[in-house]
Every structure is written in C-alpha cells, then in structure tokens.
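These notes are about the structure you will find just below.
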Amino acid sequence: MIRVRFAPSPTGKLHLGGLRTALYDYAYAKNQVGKFILRIEDTDQTRFVEGATENLINSLKAMGLNFDEGPTFQSQRLEIYKKYALQLIEQGDAYYCFCTKEDLDVARQRQKELKLPTKYPETCRNLPKEEVEKKLQEGIPYVIRLAMPKDRDFVISDKVRGKVKIDSSLLDDQVILKSDGFPTYHLAAVVDDHLMEISHVIRGEEWLYSTPKHIFLYECLGWKPPIWVHLPLILNENKSKLSKRDGDFSVGNYLERGYLPEAIINFVALLGWNPKSEKEIFDLQYLCENFSFKAVNKAGAVFDEKKLEWMNGQYIRKKPLDELAKMLEKYFVDAGIDISDKEKYLKVIDVAKDYLVRLPEVVQYSQMFYKDLEFATEDFELLNAEDSQKIFKYYFDNLEEGADYEQFVKEASAKLEIKGKAYFFPLRLALFGNSSGPNIPILIDVLGIDETKKRLKNVLN
RNA sequence: GUCCCGUUCGUCUAGUGGUUAGGACUCCAGAUUCUCAUUCUGGCAACAGGGGUUCGACUCCCCUACGGGAUGCCA
C-alpha cells in the first residue's frame, strides 16, 4: 500500500514550494491508488504561528488537494517520541547531553575560527553512568542526542537522485529530544513515518544531507526505512530558496491576486516535472494519471511569474462564460458597479476576458461599459473635429435597434466617405472613452442602443 | 571552511553516443485589410570551461568554475 504524507510545520502560510511538494505527494498517491496524509509538524514551540495550520489546510483544499487521513499533530504525540528516545538510550544508541546553549556556541565559534567543520564536540557522549544519574537527579536540563556511528558510509538510495554516499564521520550527534520535552524533526518524522506506515518520504532537497541520521534511526529501532524521494527546490529570481524576504509566495496571496487554482496547480506542477511530451496545459487529474518520479528533475527551478500570467490567461479564456462571470461578480460589487442586467453583464465579460491576466483586472477593462465617460482635455480636439461630428450625427440619426451593426458600421463608413482611424477612433472614444479597445459593432451591442445613443448625444455639439 | 546536490536559449524544459539540439514563456516582426487585447504565422536566443573514453559526444568518466543546499535544543 502506497502511503505518502505532506508534513509542513505551522510556521507560516503554505507557499509555492510547499504546494509543489504537496502536489507531487498527492499525484503520486493517486497514481498508485494510495493514501495522501496530512501531518502537522508542530514541534517547535518558539516558531509556532497563530492561524498557520488553518491556512495550510484551507490552501490545500482551495487547490483541490484533499487528504485521506489527518491532520495528525505531532505536539499531541510527545509521549510516543519520548518513549523511543528512552529506548535508544537504553540501547546505547543515544545519550543524555547536559551542555548548555552557551557551551555549544563557544565550541562552534572556536571551530569556525580554526576553520574546522562545526560539530557537536561530543562532550557528553561518554559520560559515566553515575554522573548522568546524578545530573538527572539534580534536575539539570538535558537533551537527548543520537550517538552516530563512526567511520561508516551511509548510502541513500533516492528515487530522483540515485545513490548518494555520505561519510558518517562528518555527521553530528543530532539532538533528537529537546530540553522542553519536544522531539526534533529527526526523531518525530522517523517515528511517525514508521507508525503511520508511510511508504515514500517525499520532501525537499534540503533534507537530503540529514537522511543518514534518519536511516540510522530506522536501523536502531529495527524498522524498515521508507523509499526516499528528495525533490529539487523552487528558487526565486536570485536562485535561492523561496523565502519570506523575497515577497509573499503564499498560495493565498496568488489566489487573492486573481490567479485560478487550476492555473497555479498546472504551473507549479511544471516546476520540476513534465509529462515527457509537449503538452503543457493540463489539469490535476492528468497530472495524477501521468505522474512518476522518473520525470522529476534534479536541478532547482526558478519561479517565473510571467509564464504563470500567461497560463492564467489561458485558463480564464477556457472557462465557460457563465462560470467566469460568476467568479468575477465580486469584483464589480466591490467597485460599486451595478451588474443586475445579466444579459449585458455576460456580454461585458465576454469582451473583457480577452484582456485579462488576473481576475481583478476585469473592472479596469469593463467599467467603461457602466460608468459615465470622462474625457481628457486633449480628447475634445478629436471629438469636436468636423468629420467626427458628422459620424456622430449620422449614427445618432440612423442607428436602429436590432440592426446588423457590423453591416451598419461598414455602410456608414462608405456613405460618409470616412474610413480607417479617422472613422473608428472618434467613435471608439465617444462610446468607450478610449481610441483603442474593442470593435465598434461589439461596443454598440454591449452598450445597447439606448446607451449608445446617449453617449453619442453627449459628444454631439 | 567542510560535506552533499546540481549545471541545455533570459526563464520552465525535451533530449539517455550519430538531431538542422525540439517545445513553452518573454521579446521582436507579420497576418486577422482601424486600434488595443485575443488568435495564428515567423524570427532572435542554449549544451559553463578544460581534459579524457570513442570512429563519433549535450549525452559516459575526471578536473575546474559557477549556483544551490546542509552544517541549530528550526523544520
């Protein structure tokens, strides 16, 4: 049974990198008819952010990534981790450490100065049993550290990177249980992944180097390790890991700015994976059906919003008109525009959709259909020109409800003997408030005969 | 500093020893006989560098460079 988990820590909103991991988790689970599980890794009390868990869950739901199990909260499983930490001590695979933060800072500082690898000096690794007992008795704060083996190569067999060899002598005696009784990631993740029967650990590349510690833990506890899958990172423009500093990359932020969930999914899926074909526009179902780790890239991918914008436009234009219209309603309501005339509203959206990159822009592209036009002083030169006035007059006198507007526009041009820009610009300016924009017949159709004439009258001298 | 991972157009990528190195975004030009947008067509643009291996390397090996990650009682 394939079981994968998405295990974020509630230290902030779900961002694009996290979404991509969740997406691949989900796609793989569905592809293999397995389970997609959510686990909240809230083991750092100091970094906990209020509302982060809710944001994580809501964002996943908004993207259509529904989990089959969970969320499980690690903070509610403290006893379990402690039990295994003590078992490891019992077995001699872990030990109590009484070093203070200051001790460690000093040691690290000195190592840096000597240009040595910064590592825990193992001060407490071989403390006599009696001394340990005494300190515990005295209530001196402690952590539990893993006693990493020496001179041994760990080989990670990774689904996207192949075999990676790491010499254990470089590895630190990692803290697995903190002095506040909470486990660190290393212990908690291993214990939970085993207990939750996770078959594939899919996570960011930043975890690759600590994987030997996890492999060692599996060995000590006599458990079968999962299959490792380390995903490449998503990078910002400066090619470093996406972080808060470079702006708001949260899923919620993109949704608010008017990107469609299906566009975000499609785009993020392509950051590190591709269907081995030239198909680029696809939905979540297609991703699930075609996903495999073989097609996952090794190199990090720079996030380019320009392409997301293009893709969003593609999805906007693909949406059925009534659905799109419904989605856009709120923007008009917010702008105080009355869209109660549904027939007109649909026509407006049909015109505006070709201009949209992001949803909220709809107002700026269609408010001219609703609001009274305001002309700039330089507009009046064109509006008042002799030919312009002739056109307006002709339209005002001859345009009739239900006429073939396209036909009418052509005929008028012929009769007035005015064509090209000299003909269309003043008309568009009068009807739309701008010399560039949609075609005149469409403008007349959307505005309706009454409003069209009203606008013509308004510019007629 | 040390270790790990990576490196094809500006960006996302296809490519698994023999290709005119393909596609997409961006940009530019043209068409849709008014503009803008859409759409369509075309164009610019890449194998980090150096050594091997081979009849033949973008593809395999080594070195260098560059980029990233890790090096926390953070995940």
Task: Qualifying residues in the range A:158-171 (those that are surrounded by 15 or more Cβ atoms within 10 Å (Cβ to Cβ) and within 6 Å of RNA strand B (Cβ to nearest atom)) - the one farthest from the chain's Cα centre (by Cα) - done: A:ILE166
- [ ] Could you tell me whether A:HIS186 is outside any strand (DSSP E or B), within 21 Å of A:GLY34 (Cα to Cα) and not basic (Lys, Arg)?
- [x] no
Open item on the list: With the requirement that a residue be touching a strand residue (DSSP E or B) at 6+ places or on another chain (Cβ under 8 Å), within 16 Å of RNA strand B (Cβ to nearest atom) and over 23 Å from A:LYS163 (Cβ atoms), what does the range A:176-227 give you?
Closed with: A:ILE176, A:LEU177, A:LYS178, A:SER179, A:PRO183, A:THR184, A:LEU187, A:VAL191, A:ASP192, A:MET196
Open item on the list: On the basis of being open to solvent by 20 Å² or more (accessible area, probe 1.4 Å) and under 19 Å from A:ILE202 (Cα atoms), does A:LEU321 make the cut?
Closed with: no
- [ ] Filter the range A:354-369 for residues that are open to solvent by 10 Å² or more (accessible area, probe 1.4 Å), closer than 14 Å to A:ILE442 by Cα and of a type outside the set (A, V, I, L, M) and give the result.
- [x] A:ASP354
- [ ] Could you tell me which residue of the range A:272-297 is nearest to RNA strand B (Cβ to nearest atom), considering only residues that are closer than 18 Å to A:GLY18 by Cα and in contact with a Lys or Arg (Cβ under 6 Å, 6 or more places away or on another chain)?
- [x] A:PHE293
Task: Matching entry among A:THR118, A:THR123 (being free of Cβ contacts under 8 Å to residues at least 12 places away in the same chain, surrounded by 11 or more Cβ atoms within 10 Å (Cβ to Cβ) and part of a loop (DSSP other than H, G, I, E, B)) - done: A:THR118
Task: Extreme residue, least open to solvent (accessible area, probe 1.4 Å), among residues of the range A:370-392 that are in a helix (DSSP H, G or I) and over 12 Å from A:VAL459 (Cα atoms) - done: A:ASP387
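Got a sec? Which of A:ASN312, A:ASN290 is closer than 30 Å to A:ILE227 by Cα and crowded, with 17+ Cβ neighbours inside 10 Å?
Values: A:ASN312 fails: closer than 30 Å to A:ILE227 by Cα.
Answer to the selection: A:ASN290.
The values are calculated or read from the model by the stated rules, or taken from the named source; none is laboratory data. For clarity, every value in this text was computed on a predicted model and none was experimentally measured. Reconstructed Cβ throughout: ideal geometry from the backbone, glycine too, with neighbour counts over all protein chains shown. Calculation scope for accessible area: heavy atoms of the full protein, side chains included, ligands and nucleic acids excluded. Shrake-Rupley method; radii C 1.70, N 1.55, O 1.52, S 1.80 Å.
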